[in-house]
1. Just for segment 70-90: of the residues that are without any contact (Cβ under 8 Å) to a residue 60 or more places away in the chain and on the phi > 0 side of the Ramachandran plot, which one is surrounded by the fewest Cβ atoms within 10 Å (Cβ to Cβ)?
2. Which ones in segment 19-33 are out of contact with any Gly (no Cβ under 8 Å at 6 or more places or on another chain) and surrounded by 24 or more Cβ atoms within 10 Å (Cβ to Cβ)?
3. Going through segment 213-243 one residue at a time, which ones are among the β-branched types (Val, Ile, Thr) and either buried (at least 23 other Cβ atoms within 10 Å of the Cβ) or within 15 Å of the chain's Cα centre (by Cα) (or both)?
4. All but one of (1) modelled with pLDDT under 95; (2) open to solvent by less than 30 Å² (accessible area, probe 1.4 Å) hold for GLN178, so report the exception by its number.
5. Within the bounds of segment 137-151, is there any residue that is among the charged types (D, E, K, R), assigned to a strand (DSSP E or B) and open to solvent by 30 Å² or more (accessible area, probe 1.4 Å)?
6. Taking THR129, is it within 24 Å of HIS158 (Cβ to Cβ), open to solvent by less than 60 Å² (accessible area, probe 1.4 Å) and of a type outside the set (Lys, Arg)?
7. List the number of the failed condition for LYS286; all other conditions in (1) under 19 Å from ILE35 (Cα atoms); (2) modelled with pLDDT under 95; (3) touching a helix residue (DSSP H, G or I) at 6+ places or on another chain (Cβ under 8 Å) hold.
8. How about segment 254-281: which of its residues are closer than 20 Å to VAL193 by Cβ and not in a helix (DSSP H, G or I)?
Amino acid sequence: MTARLFTSVEVAPMGFSLGLEDGVVTLGSCFADAIGTRLEEGGFRVERNPFGTLYNPLSVAEALERIVDCREITSDDLVRHDGLFHSWHHHGSFSRPTVEECLAACNSRIRQAHSALREARVLMLTFGTAYVFSLASNPAGEGNGMVVANCHKLPPRHFTRRRISVEETVGRWKPLLQKLIAYNSELITILTVSPIRHMADGAHGNQVSKATLLLAVEELVSIFNSQFSISYFPAYEIVLDELRDYRFYGPDLSHPSALAEDIVYDRFQRATMTPATIQQVHNNAKQAKRRRHIPLRVDVLAQ
């Protein structure tokens, strides 16, 4: 008898077939960014992380609500630090030297995502951590308790940090998912928990955080799966259980390696695409890689 050397995580077909004509919107952690990039290379129309990398469910919810409402940010949502203007709701990749440039960068993507979500077939949401940073209130009047998506390297005194509860997460997302149904009733929503390990609070703190996210996602799926298509994809379990080996992590031992991301993406394909679509996506990705390696100087080819 051959010994089993790992636990296989079963991923059942998700009840739909994703085609290259279907639009996809991704929101959440850098793991969502990694999967979104692979979908783009495969030929899908992807609106990938229009607010940049977001880690906690409250910031992801704020981003999604702004996209649905097409509610742009204003100068009140910005802070100036180290010579740049930053949005409290965006990743640092949107930071710019002037207010006007920052607002333009952020709001153009909100408008673009609003249109993309209206036409999309799949929305992929990835939660990374249950810990949030809020603007601290103090006697000087700084801060209003708002949860921020990114601290933009401001001093710690500007923030308070806490772990949100399952109840708070579900309470924020229930009305938002109802709004999403009204906005695009045909949308298929896939919830995932990022396998990236947030070790600032130690191994136990990371596990408690992930458990909070998993319980919240489980409750949301159970509440809404009879109203519209919403499901959970076990990216977290595939990496943490099936690929339980540090060879599948990067040098920081926290982020999954490119190989791990490829394996999860392969499982996602098999759960959401037909064999013919998978083959076409594979061919498209190979062509995209070839194009990236074309020499900049054509005369080199003649030598």
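The values are calculated or read from the model by the stated rules, or taken from the named source; none is laboratory data. Everything quoted here is computed from the prediction, not taken from an experiment. Please note: Cβ atoms are built from the backbone with ideal geometry, for glycine as well, and neighbour counts cover all protein chains shown. Side chains included, ligands, DNA and RNA excluded: accessible areas come from the protein's heavy atoms. Shrake-Rupley method; radii C 1.70, N 1.55, O 1.52, S 1.80 Å.
1. The extreme case among them is GLY83.
2. Matches in segment 19-33: VAL25, LEU27, ALA32.
3. Passing the criteria: VAL217, ILE230, VAL239.
4. Checking GLN178 against (1) modelled with pLDDT under 95; (2) open to solvent by less than 30 Å² (accessible area, probe 1.4 Å), the one that fails is (2).
5. Of segment 137-151, the ones among the charged types (D, E, K, R) are 142.
Those left that are additionally assigned to a strand (DSSP E or B): none.
Within segment 137-151 (the criterion being among the charged types (D, E, K, R), assigned to a strand (DSSP E or B) and open to solvent by 30 Å² or more (accessible area, probe 1.4 Å)), the answer is no, since none of the residues qualifies.
6. Working: within 24 Å of HIS158 (Cβ to Cβ): yes; open to solvent by less than 60 Å² (accessible area, probe 1.4 Å): yes; of a type outside the set (Lys, Arg): yes.
Yes; evaluated as a whole, the condition is true for this residue.
7. Of the numbered conditions (1) under 19 Å from ILE35 (Cα atoms); (2) modelled with pLDDT under 95; (3) touching a helix residue (DSSP H, G or I) at 6+ places or on another chain (Cβ under 8 Å), the odd one out for LYS286 is (3).
8. Once the filter is applied, which keeps residues that are closer than 20 Å to VAL193 by Cβ and not in a helix (DSSP H, G or I), segment 254-281 yields SER254, HIS255, PRO256, SER257.
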